[in-house]
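Engineer: Below are the structure tokens for one structure; questions will follow.
The values are calculated or read from the model by the stated rules, or taken from the named source; none is laboratory data. Everything numeric here is computed off the predicted structure, so don't read it as measured data. A quick note on method: Cβ atoms are made from the backbone with ideal geometry, for glycine too, and the neighbour counts reach across all protein chains shown.
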Amino acid sequence: MYRYDEFDAAFVAARVAQFRDQVARRVSGELTEEQFRPHRLMNGLYLQLHAYMLRIAAPYGTLSSRQMRKLADIARKYDRGYGHFTTRQNLQFNWPALKDVPDILAELASVEMHAIQTSGNCIRNVTADHFAGAAADEIVDPRPYAEIVRQWSSLHPEFSFLPRKFKIAVNGGPRDRAVIQAHDIGLQVVRDERGEIGFTVYVGGGLGRTPMIGHKIRDFLPEADLLAYIDAILRVYNLEGRRDNKFKARIKILVHEKGAAAMREAVEAEFAAHNRQGLTLPAEEIARINAYFALPPLEPKKPVSDRVERRRAKDKKFSNFLRCNVAPHKAPGYAIVTISLKPIGGVPGDASADQMDAVADLAEDYSSDELRVSHEQNLVLPHVALDDLPAVYDRLASVGLATPNAGLVTDIIACPGLDYCALATARSIPIAQRLSEHFGDGARAREIGPLKIKISGCINACGHHHVGHIGILGLERAGEETYQITLGGSGDETASIGQITGPGFSSENVVDAIETVVATYMGQRRDASEDFLSTYRRVGMAPFKEALYERSAGSDI
Amino acid sequence: MSEIVTANRLIDGIVLFQDSAGGWVEDFARAAILPDAAATQAALALAKQDEARDLIVEPYAVVVELRNGHFAPKALRELIRASGPTIRPDLGKQAQGQAPALLEKPHVSLR
């Protein structure tokens, strides 16, 4: 894992001291709310529906046991005993007091964490594939590049007042697990024919009120040019991005209005025109950062564990857990374990302080002290020996964290929605809970197969509904919550924006409507191996529309 | 159309309601019910003073209506803000008996 050097530690400590002073001046009245707001936002502090909300970065989704324990401590000491993991690989506390936030930030700094640039019109916390550094199919660990971008972008004087927020994601394997094409800049690590490392660069993706899939503007960007090229993109955006209209200020609008070809030309011209020697990454610096992310020393193991196979044969629940929540690791005899934060009927992404401690203990005992946070609001133990899987499973089950539903219909992403968020127009979490109860984690869910449902409580789309195989968008109509359904979205390497089925559904009817969609898929699929997305792409919207609006009693029309 | 005035306490962000003496209380039941636009305007003017004194932030008026003999915010957003997350009855004002009295079923069943 990355460890702070003296500069990092001094920088974060200085930021804590600065914010402590800003809070003191706000409370004393020296700063007005208008003056204070940009300062608190740059430190991840919002005022939400019930209270302040503090958004803490888990850079590229990586946490150590010590850091997870600190989050648990903060949840107990300063909040209400739980935290919420988000689609941005962040952790949000929903009830911190303003007066305590400087102390919370100081506690975070003591474990090399912070909330810097988790809000505001700056380059946000860089996200990455949650199986980074462990996945069997990985080309290269994307996190060193995310760390390099994080260091370069922290308090970058030229890019701290962009037209709007700016999100960068990096993916290191052939399967996109970081939704890179829905980011302002998406970086896919690739190797060219000589084996040299570089990036395929996407620009102008984004969700929100105007969803766009990113445009590929470079097939292969040499590794050393990473910062120089991102710098060129940001310079074009900073100069040409719209500042007159908040809703048209993201880079996706610039790319859309300018055209992807013209954007590519402008970026390449900017990249070529400036002497960027200062931004060319020295090989020794890349190597230095890479060393922090080296695979931990893993004792060689047999590729098959007899202990696992014996348990699998006699324990159906364990077998289901293996099938859904365990993924192949790059080292033989090891596996990646997804800890579902989607218990049946639970709140997606919520973890109690006790659960956080339990997960920290598991990481320490069985996963080389490492954890990941996924954009799908789950946690990951990246380096578990196969022989340890039964013990890990039993301990997860003892704290209610062994739900065998990763990647299934009840592994639902849901934003906080109107239960917490000041911007929301409808609730998300209760819909996720009812769908979870409806489909469960049993035989029916497994029969349905891989299916991503994503729910947002407003058009800002924090719940990624546009890229859900089934997306649900909560809106308010005449004082009532109403839910629009989209189908066929995808956040993987075949990214696509879902299409709206038609008129929305009431809160009462939306679960029936999703059941109708799922039942229609089951009726249409060629066989059990054809997943929802493939079936939708083959048959199109028509049968779903017909089932929803012409045959179903669940429809509102 | 009756209204109340609400804000968040600066120091901890907790939702507050203006009471009939012009002070601020956490309990919705003690919020002053403002019967008309003139009363709301006067209450907001007072709230603005408290905002300027850095006691509260973001004061605004909320429409309330009588439901089964009790006042409650008309909009779902404001009802949730005055009560707490609907999915966690153990949190927020509802956990402390400070939420609006709701004698009807919640909009979505909470199991």
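Engineer: Among the numbered conditions (1) within 14 Å of another protein chain (Cβ to nearest Cβ); (2) in contact (Cβ under 8 Å) with a residue 12 or more places away in the chain; (3) closer than 23 Å to A:Ala422 by Cβ; (4) not β-branched (Val, Ile, Thr), tell me where B:Phe71 comes up short.
Structural biologist: For B:Phe71, the exception is condition (1).
Engineer: Given the conditions (1) under 16 Å from the mean Cα position of the chain (by Cα); (2) over 30 Å from A:Glu30 (Cβ atoms); (3) within 11 Å of chain A (Cβ to nearest Cβ); (4) basic (Lys, Arg), report the number of the one that B:Arg30 does not fulfil.
Structural biologist: Unmet for B:Arg30, out of (1) under 16 Å from the mean Cα position of the chain (by Cα); (2) over 30 Å from A:Glu30 (Cβ atoms); (3) within 11 Å of chain A (Cβ to nearest Cβ); (4) basic (Lys, Arg): (3).
Engineer: Out of the residues in region A:83-115 that are under 16 Å from A:Thr62 (Cα atoms) and of a type in the set (Val, Ile, Thr), which is surrounded by the fewest Cβ atoms within 10 Å (Cβ to Cβ)?
Structural biologist: Among residues in region A:83-115 that are under 16 Å from A:Thr62 (Cα atoms) and of a type in the set (Val, Ile, Thr), the one surrounded by the fewest Cβ atoms within 10 Å (Cβ to Cβ) is A:Val111.
Engineer: With the checklist (1) in a strand (DSSP E or B); (2) away from every other protein chain (no Cβ under 11 Å); (3) loosely packed, with under 15 Cβ neighbours inside 10 Å; (4) not acidic (Asp, Glu) in hand, flag the one item B:Ala101 doesn't pass.
Structural biologist: (1)
Engineer: (1) under 13 Å from B:Gly13 (Cβ atoms); (2) surrounded by fewer than 18 Cβ atoms within 10 Å (Cβ to Cβ): which one isn't true of A:Ala51, the others all being true?
Structural biologist: Among (1) under 13 Å from B:Gly13 (Cβ atoms); (2) surrounded by fewer than 18 Cβ atoms within 10 Å (Cβ to Cβ), A:Ala51 violates only (2).
Engineer: I want to confirm something. Restricting to region B:77-98 and keeping residues that are crowded, with 19+ Cβ neighbours inside 10 Å and more than 7 Å from every other protein chain (Cβ to nearest Cβ), which single residue is nearest to A:Thr425 (Cα to Cα)?
Structural biologist: B:Glu78
Engineer: Could you please let me know if A:Asn90 is over 22 Å from A:Ala424 (Cβ atoms) and not charged (D, E, K, R)? Show your work before the answer.
Structural biologist: Numbers: over 22 Å from A:Ala424 (Cβ atoms): no; not charged (D, E, K, R): yes.
Judged against the criteria, A:Asn90 is not a match.
Engineer: Of all residues in region A:528-549, which are more than 23 Å from A:Asn509 (Cβ to Cβ) and assigned to a helix (DSSP H, G or I)?
Structural biologist: Answer for region A:528-549, where residues must be more than 23 Å from A:Asn509 (Cβ to Cβ) and assigned to a helix (DSSP H, G or I): A:Leu533, A:Ser534, A:Thr535, A:Arg537, A:Arg538, A:Val539.
Engineer: While we're looking at this one, here's another question. From A:Phe11, A:Phe7, grab the single residue that is exposed (fewer than 15 other Cβ atoms within 10 Å of the Cβ) and either of a type in the set (Gly, Ala, Ser) or closer than 24 Å to A:Ala128 by Cβ (or both).
Structural biologist: Residue meeting the stated conditions: A:Phe7.
Engineer: Looking at A:Val380 and the list (1) within 20 Å of the chain's Cα centre (by Cα); (2) not in a strand (DSSP E or B), which single condition is not satisfied?
Structural biologist: Only one criterion in (1) within 20 Å of the chain's Cα centre (by Cα); (2) not in a strand (DSSP E or B) is unmet by A:Val380, namely (2).
Engineer: If I ask for residues that are more than 14 Å from every other protein chain (Cβ to nearest Cβ), over 27 Å from A:Arg177 (Cα atoms) and polar (S, T, N, Q), which ones from region A:493-518 would you list?
Structural biologist: Within region A:493-518, A:Thr516 is the sole residue that qualifies.
Engineer: How about region A:5-26: which of its residues are within 14 Å of chain B (Cβ to nearest Cβ) and out of contact with any helix residue (DSSP H, G or I) (no Cβ under 7 Å at 6 or more places or on another chain)? Steps first, please.
Structural biologist: Quick first cut of region A:5-26, residues within 14 Å of chain B (Cβ to nearest Cβ) only: A:22-26.
Answer for region A:5-26, where residues must be within 14 Å of chain B (Cβ to nearest Cβ) and out of contact with any helix residue (DSSP H, G or I) (no Cβ under 7 Å at 6 or more places or on another chain): A:Ala24, A:Arg25.
Engineer: Out of region A:113-143, which residues are within 25 Å of A:Pro297 (Cβ to Cβ), under 16 Å from the mean Cα position of the chain (by Cα) and not charged (D, E, K, R)?
Structural biologist: Selection gives A:Ala128, A:His130, A:Phe131, A:Ala132, A:Pro142.
Engineer: Given B:Asp36, B:Asp50, B:Asp54, which one is surrounded by fewer than 18 Cβ atoms within 10 Å (Cβ to Cβ) and charged (D, E, K, R)? Outline the logic, then answer.
Structural biologist: Values: B:Asp50 fails: surrounded by fewer than 18 Cβ atoms within 10 Å (Cβ to Cβ); B:Asp54 fails: surrounded by fewer than 18 Cβ atoms within 10 Å (Cβ to Cβ).
The conditions single out B:Asp36.
Engineer: What is the number of the single condition among (1) touching a residue at least 12 places away in the same chain (Cβ under 8 Å); (2) more than 24 Å from A:Glu265 (Cα to Cα); (3) over 16 Å from the mean Cα position of the chain (by Cα) that A:Pro211 does not meet?
Structural biologist: (2)
Engineer: Consider A:Tyr46 carefully, then state whether it is within 14 Å of chain B (Cβ to nearest Cβ) and aromatic (Phe, Trp, Tyr).
Structural biologist: Numbers: within 14 Å of chain B (Cβ to nearest Cβ): yes; aromatic (Phe, Trp, Tyr): yes.
Yes, satisfied.
Engineer: Please work out which one of (1) within 30 Å of A:Ala294 (Cβ to Cβ); (2) touching a strand residue (DSSP E or B) at 6+ places or on another chain (Cβ under 8 Å) is the condition A:Ala13 fails and give its number.
Structural biologist: For A:Ala13, the exception is condition (2).
Engineer: Collect the residues in region A:400-429 that are surrounded by fewer than 24 Cβ atoms within 10 Å (Cβ to Cβ) and at the interface with another protein chain (Cβ under 9 Å from one of its Cβ atoms), keeping them in residue-number order.
Structural biologist: Passing the criteria: A:Ala422, A:Thr425.
Engineer: Among the residues of region B:33-57, which ones are within 13 Å of chain A (Cβ to nearest Cβ) and either charged (D, E, K, R) or assigned to a strand (DSSP E or B) (or both)?
Structural biologist: B:Lys48, B:Asp50, B:Glu51, B:Arg53, B:Asp54, B:Ile56, B:Val57
Engineer: Just the residues that are in contact (Cβ under 8 Å) with a residue 12 or more places away in the chain, part of a helix (DSSP H, G or I), farther than 17 Å from A:His215 by Cα and not hydrophobic (A, V, I, L, M, F, W, C), please, taken from region A:255-284.
Structural biologist: Matches in region A:255-284: A:Glu270 only.
Engineer: Would region A:511-522 turn up any residue that is outside the structural domain of A:Pro174 (by TED's automatic domain parsing), in a loop (DSSP other than H, G, I, E, B), at pLDDT 95 or above and in contact with a Leu (Cβ under 7 Å, 6 or more places away or on another chain)?
Structural biologist: No, every residue in region A:511-522 fails to be outside the structural domain of A:Pro174 (by TED's automatic domain parsing), in a loop (DSSP other than H, G, I, E, B), at pLDDT 95 or above and in contact with a Leu (Cβ under 7 Å, 6 or more places away or on another chain).
Engineer: Looking at B:Val5, is it closer than 30 Å to A:Val510 by Cα, away from every other protein chain (no Cβ under 12 Å) and surrounded by 20 or more Cβ atoms within 10 Å (Cβ to Cβ)?
Structural biologist: So B:Val5 does not fit the description; no.
Engineer: Any chance you could count how many residues in region A:126-141 are in contact (Cβ under 8 Å) with a residue 60 or more places away in the chain and either within 20 Å of A:Ile233 (Cα to Cα) or surrounded by fewer than 22 Cβ atoms within 10 Å (Cβ to Cβ) (or both)?
Structural biologist: 6
Engineer: Taking the condition of being closer than 26 Å to A:Gln151 by Cβ and not basic (Lys, Arg), how many residues in region A:24-67 meet it?
Structural biologist: Number of matching residues: 20.
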